[in-house]
Structure formats: C-alpha cells, structure tokens
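The values are calculated or read from the model by the stated rules, or taken from the named source; none is laboratory data. None of the values given here were measured: they were computed from a predicted structure. Don't worry about glycine lacking a Cβ; one is built from the backbone with ideal geometry, like all the others, and counts go over all protein chains shown. Accessible surface is based on the protein model in full, side chains and every heavy atom, while ligands, DNA and RNA are left aside. Shrake-Rupley method; radii C 1.70, N 1.55, O 1.52, S 1.80 Å.
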Amino acid sequence: MAVETAAHSELTDIQRDITEMVRQFADEQIIPNAERYDHEDSFPEPIVEQMKELGLFGVTIPEEYGGMGLDLTTYAMIVEELSRGWISISGVVNTHFIGSYLLMKFGTDEQRDHFLPKMATGEIRAAFSLSEPEVGSDVQGIKATAKKGDDGSWELNGQKMWVTNGLGSSVVFVLMKTDPKADPPYRGMTCFVTEKEPWQEVNEGDFAGLTIPPKIKKMGYKGVESTELVYDGYRCPPERVLGGEEAGVGQGFVQMMDALEVGRVNVAARGVGIAQRALELALRYSQERKTFGKPIAQHQAIQFKLADMATKVEAARLLTRKAARMKDAGERSDLEAGMAKLLASETGKECVEECFRIHGGYGYSKEYEIERLYRDAPLLLIGEGTSEIQRMVIGKKLLQRHRI
Ligand SMILES: Cc1cc2nc3c(=O)[nH]c(=O)nc-3n(C[C@H](O)[C@H](O)[C@H](O)COP(=O)(O)OP(=O)(O)OC[C@H]3O[C@@H](n4cnc5c(N)ncnc54)[C@H](O)[C@@H]3O)c2cc1C
C-alpha cells in the first residue's frame, strides 16, 4: 500500500519515471524477498544483479563514464524507494555512491577513467572506510598509518572497523595517517584508493597485505556485510592517493568530510524510506485488526499515532530534499544535511516504534515485516555520524552563521 504524498507532485518527469520504476522494483523484488535474506543473513545477489541492469550503481556518475548523470536530489529519491523496500539494499549502493562522489570531485583523470566506467555498471563496487576499533565519531583520532617507501609506494598498516561492503567490494576509499606529527591531526591524513579482490578474505599478489576477518554479527541491517579490514604491509602505488600525491597527501580528512555531507543526505533518504514503510504497514494493519468491535484505526489514540507518523515522514522528506537541492545548486548545505540526517533518522526510528506498537503482540513476531524494520532502523541513528554528532555540527554551523 503506497501512500501518495504532496512531495511526489513536485517531481520532474525523469524523477517521477525513475521513482515509479524503483518503487515497483521494491514492491516486486525487494519486499517479497527481504525476509528470507534477512533471516539467512545472506547477500541478496539476484536483487543486486537486477539493480545493475537498472543502472542503479551509476545514478550520479556522469554519462561520459557510462552512468546516468543524475543529481543528488534524484539519487535521494531513489534511495528512499530502495530503503522503503529494505535498508540493506540501499546499503549496497551507499558506500559505492560515496566512492564515486570522491572520484568525481577529487580524483585525477586517470583515477576517474580507471574506476568510474566499471563502477557505473556495478562491475566493481566501492567501500568507504574511516572507522577503527577505537575510533568512530572522533575521526581525527585514527591510528592506521601509511608510510612512503623507498620504491615510491605507500605501505599501509592498521585495522579498520565497520566497513560496509568490506568483503564484496573491489575498491576501498580508506583514510590513513600519513603524518603522525601533524597539528592539528587532520592535516596529516590521506585518502587511499585501495584495490582488492572482491569476496576474498585473504588478498594475494598485487593486493597482498589486506585481510578481511569474518563479517561482524549484527542485530539488523543483515544481508549486506560489515567487516573489519586489516592492512598489514599492503603496498599502495602513489597514483592511488586520491587526487594524486601532490594534491592529495594531507587532504584526506577534508575530502572525506566533504563526502560525508552527501552521505548524510543519503542516510536521511534512508530514514524517510523506512519511516514511509512503517507508516504504510501501520495504515494497513490498523484497518484490519479489530478490538472492542471496530478496526483499531477507528480508535482516536491509533489515529493520532498515524497522524503523527505521516506528519513526521512528510517533514523529514521535505528537509531531505531541501538539503539535496541546495547541494545540487552548489550551495553550502552542511547545516541542512545535518538537520535532514538528524530528523529523518530519528523519524525512522520513531515511526517504526509506533508501527510496532500498533501491531501489538504480532509486531514481536518474525512473521511480520515490522519486526525486521525494528531491528534495522537504529542503524540510521549511528551511521555517518550519530544524532549527537549531528547536533554538534548543527550547533556549530548555527553559531558560525549567526555570529554577533
Ligand atoms: C552497521 C554499521 C555500518 C557502518 N558502516 C561504516 C562504514 O562503511 N565505514 C565507516 O567508516 N564506518 C562505518 N560505521 C561506523 C559508524 O560510522 C560509527 O559507528 C559511528 O560514527 C559512531 O562511532 P562509534 O561507534 O565509534 O561511537 P563513539 O564515537 O565511540 O560514540 C559513542 C557514543 O558517544 C557519543 N559521542 C561521541 N562523541 C561525543 C561528543 N563529543 N559529544 C556527545 N556525545 C558524543 C556518540 O554519539 C555515541 O552515542 C558503521 C557502523 C555500523 C553500526
């Protein structure tokens, strides 16, 4: 049961067509199969193959590299629809999208030519790696290092944590410390475009020195793997410093924070998608289930829940699209991206919880879709910066913009 919203009437023809196409894909291919992949915690290969055929790995990659060349706003609409189906599916494209953004904005011509055509088709997929076992929010505290060797290559050492698509990816955009004495620390960090064999736990040959331990067992967000990455003497050629050595060494922190800004719009869209699905499930169940002689939707307390959910979903969607449109227009949107991520991820969690309550005991049963949503939604409060970190970003930007 898809719920029509005012925001859908503001779409361009391309946006309407592609949104409808992805919505149908979610209804026919993702939603009916998500439960099985979630319960098995297995990678949804057939769904991913169909996404490749639909061109969904190249939505924002320019046409000259074989992508669709669409903007962030349209991408956010697509992510909302995929996440309405299952947020793990949007997780498969999320870090890939961030990687392609990094290449388009900061990559050398050679890096773009080498990676983007294969990324546009989904032939290779990208991962994005900042976090470490002891560091998540405080990115400047990373410990993994890269040191330039006599042969000109860089030797990477250190452990990374929580890498989405860590095993199945062929390329990882990874942040390393290249100048441990830099003050402030962020000036001594560099992003390396590290290549690897997909689905190989131990890499050999050109990619020797990179191992991927067994995937982390998670509460939800199943199907898409989250792994550690262990770099131990991995050699990275100088031309794989993002943007080239001259422009890229020492710029990794700034580059990756820039990418997180679009990443936050992406997570916001996922929050809207999961909240939308929770609303749809609540609307259906509340009209089917009867108590005290009438459908529970006829009890005012339940109607108020539905009203609050629909209102929050709409607000989160509008703010997400505003942040995306500002970025597309070339405006600074860090404040709005932070607000969108905060509101939409919290809305996702709140709507899922209300839908769960509306389902009564059945919400606790694995037979009902809401049980999966209940385990999936909390991830959005954490990834790409927790709600506390978003509030810090918003507060800081507010004070910068309104200095007296
Ligand atoms: C399923 C999953 C997938 C992920 N995928 C990726 C990925 O692909 N790549 C990647 O690099 N990372 C990934 N992450 C990591 C994620 O980005 C981090 O978990 C997140 O940034 C939070 O870091 P942390 O877990 O170390 O928490 P911490 O930074 O240790 O924070 C712990 C708590 O303290 C709060 N806190 C921290 N600092 C402050 C402060 N100054 N003021 C107030 N409160 C504060 C936090 O909000 C949080 O509540 C993933 C995480 C998960 C769970």
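The set of residues in segment 99-138 that are touching a Ser or Thr at 6+ places or on another chain (Cβ under 8 Å), part of a helix (DSSP H, G or I) and farther than 19 Å from Glu197 by Cα comprises Tyr101, Met104.
The residues listed here are Val241, Val230, Val262; of these, the one that is within 30 Å of Leu343 (Cβ to Cβ) and in contact (Cβ under 8 Å) with a residue 60 or more places away in the chain is Val262.
Of all the residues in segment 354-384, those that are within 29 Å of Phe128 (Cβ to Cβ), modelled with pLDDT under 95 and either among the aromatic types (Phe, Trp, Tyr) or out of contact with any Lys or Arg (no Cβ under 7 Å at 6 or more places or on another chain) (or both) number 1. The condition of being open to solvent by 10 Å² or more (accessible area, probe 1.4 Å) and either more than 30 Å from Lys305 (Cβ to Cβ) or in a helix (DSSP H, G or I) (or both) holds for only one of Gly263, Gly243, Gly273, that being Gly243.
In this structure, Lys366 does satisfy being among the charged types (D, E, K, R) and either farther than 29 Å from Leu260 by Cα or within 12 Å of the ligand (Cβ to nearest atom) (or both).
Within segment 388-399, the set of residues being more than 7 Å from the ligand (Cβ to nearest atom) and either under 20 Å from Thr164 (Cα atoms) or among the β-branched types (Val, Ile, Thr) (or both) comprises Val393, Ile394.
Taking the numbered list (1) farther than 22 Å from Lys177 by Cβ; (2) open to solvent by less than 70 Å² (accessible area, probe 1.4 Å); (3) touching a residue at least 12 places away in the same chain (Cβ under 8 Å) in turn, His114 passes all entries but (3). Of the residues that sit in segment 117-135 and are open to solvent by 20 Å² or more (accessible area, probe 1.4 Å) and hydroxyl-bearing (Ser, Thr, Tyr), which one is farthest from Val59 (Cα to Cα)? For segment 117-135, the residue satisfying everything is Ser131. Selection of segment 53-97 for residues being open to solvent by 20 Å² or more (accessible area, probe 1.4 Å), among the hydroxyl-bearing types (Ser, Thr, Tyr) and assigned to a helix (DSSP H, G or I) yields only Tyr65.
The listed residues are Phe207, Phe253, Phe192, and the only one of them that is within 25 Å of Gln390 (Cα to Cα), of a type in the set (Phe, Trp, Tyr) and either in contact with a Lys or Arg (Cβ under 9 Å, 6 or more places away or on another chain) or open to solvent by 40 Å² or more (accessible area, probe 1.4 Å) (or both) turns out to be Phe253.
Checking each residue in segment 81-134 for being touching a helix residue (DSSP H, G or I) at 6+ places or on another chain (Cβ under 9 Å) and acidic (Asp, Glu) picks out Glu81, Glu110, Asp113, Glu123, Glu132, Glu134. If the condition is being away from the ligand (no atom under 15 Å from the Cβ) and either open to solvent by 30 Å² or more (accessible area, probe 1.4 Å) or not in a loop (DSSP other than H, G, I, E, B) (or both), then segment 139-155 contributes Thr145, Ala146, Lys147, Lys148, Asp150, Asp151, Trp154, Glu155.
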